[in-house]
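So the structure is just underneath, and the comments pick up after that.
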Amino acid sequence: MKYGFVKVAAAVPAVKVADVDYNVQQIESIIAQAEGRGVEVIVFPELCITGYTCQDLFKEQLLLDRAEGAIITLLDFTRKLNIISIVGLPVIINGLLYNCAAVIQGGQILGVIPKTYLPNYAEFYEKRWFASAQDLNPSNFYFAGTSVSVSAEPKLFVTSSGMKFGVEICEDVWAPIPPSNNLALSGADIIFNLSASNELIGKHAYLKSLLAQQSARTISGYVYASSGFGESTQDLVYGGNAMIFENGHLLAEGDRFCFSPQIQQYQIDVEKLRVERRQNTTFINAQRHSHALEIACKPVQERDFELQRAIDPHPFIPKNEDMHSACEEILNIQVAGLAKRLYHINAQKAVIGISGGLDSTLALLVTVKAFDKLDLDRKGIIGITMPGFGTTDRTHNNAVKLMQTLGVTIREISIAKAVIQHFEDIGHDMKKHDITYENSQARERTQILMDVANQENAIVVGTGDLSELALGWATYNGDHMSMYGVNAGVPKTLIRYLVTYVSGEMATETLLDIVDTPISPELIPADELGNIKQKTEDLVGPYELHDFFIYYFLRYGFSPKKIFLMAQKAFADTYDDATIKKWLVTFCRRFFNQQFKRSCLPDGPKVGSVSLSPRGDWRMPSDASSALWLKECESL
């Protein structure tokens, strides 16, 4: 389980009803392939040794004996393999026949799990042949040449790396209280389900929803393998489902109605699941009285690790199919937050500094929507452009055009004279373009906004975003301050996306040009051609990298080593290792050093799963040391 990743697989083998020898050959072939691919645990369909559709042949002793012999064959086949295989077969225990899952590794039977809930309605007649786990008395029985302990008590299998998994069979997950509930609450990271679910109109969609919900509810990985081609089609058809979920998200899915054997594999992030559980107090409370018997798996030979699962380089960007709805929801959260604040203080006006950049553009769009929602006159929105020593014609013109398009009140107040006077007052050389030179401009702009707000009985709407807050890329008591920060929960990559979305809605070239403008505080004079000279991403690094770091550092608490590994995968075609490491070091250093700015943030709405509000998701001492994180970064 390197970096918390566990490689699992769901298999759909070819099957012939009641032809045990053929079925075992198919299973062995898939096990061998999975072992070669580094799969740690693989699950096969329900009753795959015999076929699920044997019907009254399950009463035949020859079939049952041969099924037991098949396990002996598989034990011999897996004797030198590391992989854990979960196969389904009928097993006689104390004179009763059970529909079971056998967990096999390295030539040993780790456990036999009987099915709990037997469907006996509509097309199902399992109680005709099988007893339930609820009918089982604890005992040892002799099976496949070895003594096996069985009971109805929930069982957790613990791998040598510490990953815990549980097993349930088909109908178990359809029950009101599935066995996987207790298994997950007892510590199972992953649930494996052996199934033989037939196909009906609409059933597949419901099944996927059911499995996704169960995975999400139990905050677990869920691996599902169901019978496919080769099962009897006398009355029913089996499509062969192979699906892998992680906390409600479908990671991998096979082809239904495929006539060839399938293996669906994926690396489940167990560390991420455990972080989610530790943070979820409801899960913590629910697990208090849960218990399961733990069974140790065999130690395995360590292999070289390769991250094979896909890693999204832009985790903050919505991925659902209806992008229109996703963007509208984000904007509505921002609008609702600001509208409530305006309504609460009975403010009829708002003041915003408009720079022609992404952040102030989104803040203005949100404010306009909030005013429209409250039936307030847009002229009550006072957009102030404050040109300074680094302001370019491009950003200034875009700021003015945007305000004109939106129909807000436009004011232009140059900061040049005031800042020059301030430099004289404090004895600062204007030719020295240092932090004093830059921050004096930022604080002058904030003072203007605050004072105009006092004049107009208005509220100052902040423009700073989540990415800037994480990096501390804000002037303390400058653009760091406002009366309500609508963008505080929105990272830079998402802001770019939202403004692009609105540009399509408004069909304005100004918004598109703002999106294409290099991100800059414009505190240093432009170059000889009048272009932006001070580019933020040249100084602190690409925002798409920092947003990636922010997401996994804050959301899951991943170490720099794991974040680096994932970034290598996500940005393989964009950044080399040295570049990723450089900006990861920058992120860790700045995140810790700049916490004091986040400790006194203005109010603002949480939008996604990550927030840096000192009153909400992130509470951290301003003088915490970054030594551990920087040391690990240097070791990369």
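Structure values in brief
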{"read-out": "Filter result for Arg341 (in a loop (DSSP other than H, G, I, E, B), of a type in the set (Lys, Arg) and touching a residue at least 12 places away in the same chain (Cβ under 8 Å))", "value": "no"}
{"read-out": "Answer residue from the range 463-484, given it is within 11 Å of Gly353 (Cβ to Cβ) and either of a type in the set (Val, Ile, Thr) or open to solvent by less than 10 Å² (accessible area, probe 1.4 Å) (or both) and is farthest from the chain's Cα centre (by Cα) among those", "value": "Gly478"}
{"read-out": "From the options Ser180, Ser160, Ser186, Ser149, residue that is in contact with a Phe, Trp or Tyr (Cβ under 9 Å, 6 or more places away or on another chain) and within 18 Å of Ala296 (Cα to Cα)", "value": "Ser149"}
{"read-out": "Of all residues making up the range 178-202, the number that are closer than 15 Å to Ala101 by Cβ and of a type in the set (S, T, N, Q)", "value": "3"}
{"read-out": "Residue among Arg309, Arg341 that alone is under 29 Å from Pro154 (Cβ atoms) and either among the polar types (S, T, N, Q) or surrounded by 13 or more Cβ atoms within 10 Å (Cβ to Cβ) (or both)", "value": "Arg309"}
{"read-out": "Among the candidates Phe423, Phe389, residue that is assigned to a loop (DSSP other than H, G, I, E, B) and either surrounded by 22 or more Cβ atoms within 10 Å (Cβ to Cβ) or of a type outside the set (D, E, K, R) (or both)", "value": "Phe389"}
{"read-out": "Unique match (being open to solvent by less than 50 Å² (accessible area, probe 1.4 Å), among the hydrophobic types (A, V, I, L, M, F, W, C) and over 29 Å from Asn285 (Cα atoms)) among Ala133, Ala242, Ala216", "value": "Ala242"}
{"read-out": "Those residues of the range 76-93 which are of a type in the set (A, V, I, L, M) and buried (at least 24 other Cβ atoms within 10 Å of the Cβ), in sequence order", "value": "Ile84, Ile86, Val87, Leu89, Val91"}
{"read-out": "Spans of strands (runs of 3 or more DSSP E) in the range 137-251 with at least 2 residues touching a residue at least 60 places away in the same chain (Cβ under 8 Å)", "value": "155-158, 164-169, 190-195, 221-226, 242-246"}
{"read-out": "Residue ranges of helices (runs of 4 or more DSSP H) in the range 517-636 with at least 3 members open to solvent by 30 Å² or more (accessible area, probe 1.4 Å) and at pLDDT below 95", "value": "536-540"}
{"read-out": "Which numbered condition Pro299 fails, given (1) buried (at least 16 other Cβ atoms within 10 Å of the Cβ); (2) within 29 Å of Ala11 (Cα to Cα)", "value": "(1)"}
{"read-out": "In the range 259-297, the residues that are of a type in the set (A, V, I, L, M), within 20 Å of Gln308 (Cβ to Cβ) and in a strand (DSSP E or B)", "value": "Ile263, Ile268"}
{"read-out": "Residue match in the range 280-290 (condition: out of contact with any Phe, Trp or Tyr (no Cβ under 6 Å at 6 or more places or on another chain), within 29 Å of Ala11 (Cα to Cα) and either of a type in the set (D, E, K, R) or surrounded by 14 or more Cβ atoms within 10 Å (Cβ to Cβ) (or both))", "value": "no"}
{"read-out": "Selection from the range 3-25 of residues that are closer than 14 Å to Gly51 by Cα and either in a loop (DSSP other than H, G, I, E, B) or within 21 Å of the chain's Cα centre (by Cα) (or both)", "value": "Pro13, Ala14, Val15, Lys16, Val17, Ala18, Asp19"}
{"read-out": "Residue match in the range 446-454 (condition: surrounded by 14 or more Cβ atoms within 10 Å (Cβ to Cβ), in a loop (DSSP other than H, G, I, E, B) and free of Cβ contacts under 8 Å to residues at least 60 places away in the same chain)", "value": "no"}
{"read-out": "Residue list for the range 1-21, filter: under 20 Å from Gly36 (Cα atoms) and open to solvent by 50 Å² or more (accessible area, probe 1.4 Å)", "value": "Met1, Lys2"}
{"read-out": "Among residues of the range 169-195, those that are among the aromatic types (Phe, Trp, Tyr) and either within 10 Å of Thr218 (Cα to Cα) or more than 22 Å from the chain's Cα centre (by Cα) (or both), counted", "value": "1"}
{"read-out": "Selected residue (criterion: nearest to Gly51 (Cα to Cα)) from residues of the range 95-117 that are in a loop (DSSP other than H, G, I, E, B) and open to solvent by less than 20 Å² (accessible area, probe 1.4 Å)", "value": "Lys115"}
{"read-out": "Boolean, Tyr501 is surrounded by fewer than 23 Cβ atoms within 10 Å (Cβ to Cβ), touching a helix residue (DSSP H, G or I) at 6+ places or on another chain (Cβ under 7 Å) and in a helix (DSSP H, G or I)", "value": "yes"}
{"read-out": "Pick from the range 26-67, criterion part of a helix (DSSP H, G or I) and of a type in the set (Phe, Trp, Tyr), ranking: least open to solvent (accessible area, probe 1.4 Å)", "value": "Phe58"}
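The values are calculated or read from the model by the stated rules, or taken from the named source; none is laboratory data. Bear in mind the structure is a predicted one, so any value in this text is a computation, not a measurement. Using ideal geometry, Cβ is built from the backbone for each residue, glycine included, and neighbour counts are taken over all protein chains shown. Side chains included, ligands, DNA and RNA excluded: accessible areas come from the protein's heavy atoms. Shrake-Rupley method; radii C 1.70, N 1.55, O 1.52, S 1.80 Å.
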